[in-house]
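The values are calculated or read from the model by the stated rules, or taken from the named source; none is laboratory data. Just so it is clear, the structure is predicted and the values come from calculations on it, not from any experiment. Here Cβ is always computed from backbone atoms with ideal geometry, including for glycine, and neighbour counts include all displayed protein chains.
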Amino acid sequence: MSPFPRPGRARPASAVAAAFLAAALAAVPSGPAHAFTGDNHEDITRAALPWEPVTLTAMADARSGAINANDHLPYFDVGPLHCDNADYLEPRHARDYPRTRDEATTELLACVRTSVARFRTAVRAADGLVDSDGKVRADQGDLSSPCVWDGKPGRAKCAVLEQLGRGWHQIEDFYSHSNWVDRPAPGPVGLDNPPGLGRTDVAPFLDIRRYSAMTDAEWTREARERIPRDLTTGCYPDMDSTGVKPPDCAGRVAHNRALNKDTAASARSRTGDNFRHATTGATAEITRQWNDFKAELLTAYPDHRRGAQMVCALTHDDPAAACPAG
């Protein structure tokens, strides 16, 4: 999750939680964070995207950018929107761990599923940026007034940015909340010091564009096979994919105590260069995700160079002037 301490508040009944989770994942359609801080999300997103300044701010701003929309209530308390609760330790590290590898993988796939759904929706929303002849629609690319990240119909550019931002947030969080890029502290590996994979590549099971063209059953099967047995994210007391809030994370790899690299000051971040590895990994991942989204628009909308015009409209502050048809 994001890296602000979360305020205490009453927890909804499990039935309400389950109903909200179902709605949130179907759509996938502020408070403090339990993953990268808003500032860190902003730095990562700005480093990854070669966009013009007004558009980049609409996506990346630490307080009001689309990339941070999932860190506002009620999305903040939905674990799959932050890649939480995919925790697991092999028996050699912790006997009788209370979660199986399959249960942890199911939670991680729920996180990936939200990004796949957002990607598909963003591709559809981009159709509104350009008319049938390939001309940018000035009213749909206008950012003279701020976008509102409420999921309601509005300007096409705002709709695309919201879908991308909400789909990319948990992908950035994955690099902070998991052991994909990091190393453990010196000493015994176990519950409070989980193993680190020390990977420098982007995660192969975050191939969102590829999965968007597959059935959910097909890509879920493929992604499951790509997840290492020693991969873990942290347990956080939010809604998991079943809509149930665990009472605590006792006996599990805890987000706050053991694993998160949400800020440079966290215990896991202070081991070696773990914080830099997390931000570098997340930046490389968003660069991949943006390049894949561009490629999908070019493929999905080839007539009259509509896809190319959509990319131009998404990256420029005044697309009507910057992206002439022809």
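Within segment 260-289, can you find the residues that are of a type in the set (A, V, I, L, M) and in a helix (DSSP H, G or I)?
Those that are of a type in the set (A, V, I, L, M) and in a helix (DSSP H, G or I): A278, A282, A284, I286.
Can you list residue pairs whose Cβ atoms sit under 6 Å apart, with the first residue in segment 149-167 being within 26 Å of L109 (Cβ to Cβ) and the second being among the basic types (K, R) and assigned to a helix (DSSP H, G or I)? Count only pairs 6 or more apart in sequence or on different chains.
As it stands, the answer is Q163/R118; R166/R118; G167/R118, since those pairs meet every condition given.
Do we find a residue being in contact with a strand residue (DSSP E or B) (Cβ under 6 Å, 6 or more places away or on another chain), of a type in the set (S, T, N, Q) and not in a loop (DSSP other than H, G, I, E, B) anywhere in segment 230-246?
Yes: segment 230-246 contains one or more residues that are in contact with a strand residue (DSSP E or B) (Cβ under 6 Å, 6 or more places away or on another chain), of a type in the set (S, T, N, Q) and not in a loop (DSSP other than H, G, I, E, B).
Test of understanding: among R257, R224, R306, R210, which residue is basic (K, R), closer than 30 Å to D142 by Cβ and in a helix (DSSP H, G or I)?
Answer to the selection: R306.
What number of residues within segment 68-119 satisfy the criterion of being touching an Asp or Glu at 6+ places or on another chain (Cβ under 7 Å) and β-branched (V, I, T)?
Count: 1.
Tell me, which residue of segment 55-70 that is small (G, A, S) and assigned to a loop (DSSP other than H, G, I, E, B) is surrounded by the most Cβ atoms within 10 Å (Cβ to Cβ)?
G65
Can you find a residue in segment 96-104 that is modelled with pLDDT of 95 or more, under 21 Å from the mean Cα position of the chain (by Cα) and crowded, with 21+ Cβ neighbours inside 10 Å?
Within segment 96-104, one or more residues are modelled with pLDDT of 95 or more, under 21 Å from the mean Cα position of the chain (by Cα) and crowded, with 21+ Cβ neighbours inside 10 Å.
Can you run down the residue pairs with Cβ atoms below 6 Å, 6 or more apart or on separate chains, where the first is in segment 207-219 and farther than 13 Å from R118 by Cα and the partner is hydroxyl-bearing (S, T, Y) and surrounded by 20 or more Cβ atoms within 10 Å (Cβ to Cβ)?
Every condition considered, the pairs that remain are W219/Y211.
So the check is Cβ under 6 Å with 6+ separation or different chains; which pairs have a first residue in segment 68-85 that's aliphatic (A, V, I, L, M) and a second one that's not in a helix (DSSP H, G or I)?
Matching pairs, first to second residue: A69/W149; L73/G31; V78/M239.
Is there a residue in segment 71-93 that is touching a Cys at 6+ places or on another chain (Cβ under 6 Å), of a type in the set (A, V, I, L, M, F, W, C) and buried (at least 24 other Cβ atoms within 10 Å of the Cβ)?
yes
Determine whether segment 2-15 contains at least one residue that is modelled with pLDDT under 85, more than 25 Å from V123 (Cα to Cα) and assigned to a helix (DSSP H, G or I).
Yes, segment 2-15 contains a residue that is modelled with pLDDT under 85, more than 25 Å from V123 (Cα to Cα) and assigned to a helix (DSSP H, G or I).
If you scan segment 137-176, which residues turn out to be among the β-branched types (V, I, T) and either over 19 Å from P53 (Cα atoms) or part of a loop (DSSP other than H, G, I, E, B) (or both)?
Across segment 137-176, the qualifying residues are V148, I171.
Suppose the filter is of a type in the set (F, W, Y), out of contact with any Phe, Trp or Tyr (no Cβ under 8 Å at 6 or more places or on another chain) and farther than 23 Å from N85 by Cα; does W168 pass it?
No: the conditions fail for W168.
Counting just the residues of segment 236-259 that are in contact with a Pro (Cβ under 7 Å, 6 or more places away or on another chain) and closer than 26 Å to G198 by Cβ, which one comes out surrounded by the fewest Cβ atoms within 10 Å (Cβ to Cβ)?
G251
Does G165 fit the bill of being among the small types (G, A, S), within 22 Å of the chain's Cα centre (by Cα) and surrounded by fewer than 20 Cβ atoms within 10 Å (Cβ to Cβ)?
Taking the combined requirement at face value, the residue does not satisfy it.
Consider segment 112-148. How many of its residues are polar (S, T, N, Q), out of contact with any Gly (no Cβ under 6 Å at 6 or more places or on another chain) and under 30 Å from T215 (Cβ atoms)?
Summing the residues that are polar (S, T, N, Q), out of contact with any Gly (no Cβ under 6 Å at 6 or more places or on another chain) and under 30 Å from T215 (Cβ atoms) in segment 112-148 gives 3.
Specify the residue that is surrounded by the most Cβ atoms within 10 Å (Cβ to Cβ); the eligible residues are those in segment 309-326 that are of a type outside the set (D, E) and in a loop (DSSP other than H, G, I, E, B).
The residue in question is C323.
Of the residues T233, T280, which is modelled with pLDDT of 95 or more, in contact with a Cys (Cβ under 9 Å, 6 or more places away or on another chain) and within 27 Å of G38 (Cα to Cα)?
Result: T233 is the single residue among T233, T280 that is modelled with pLDDT of 95 or more, in contact with a Cys (Cβ under 9 Å, 6 or more places away or on another chain) and within 27 Å of G38 (Cα to Cα).
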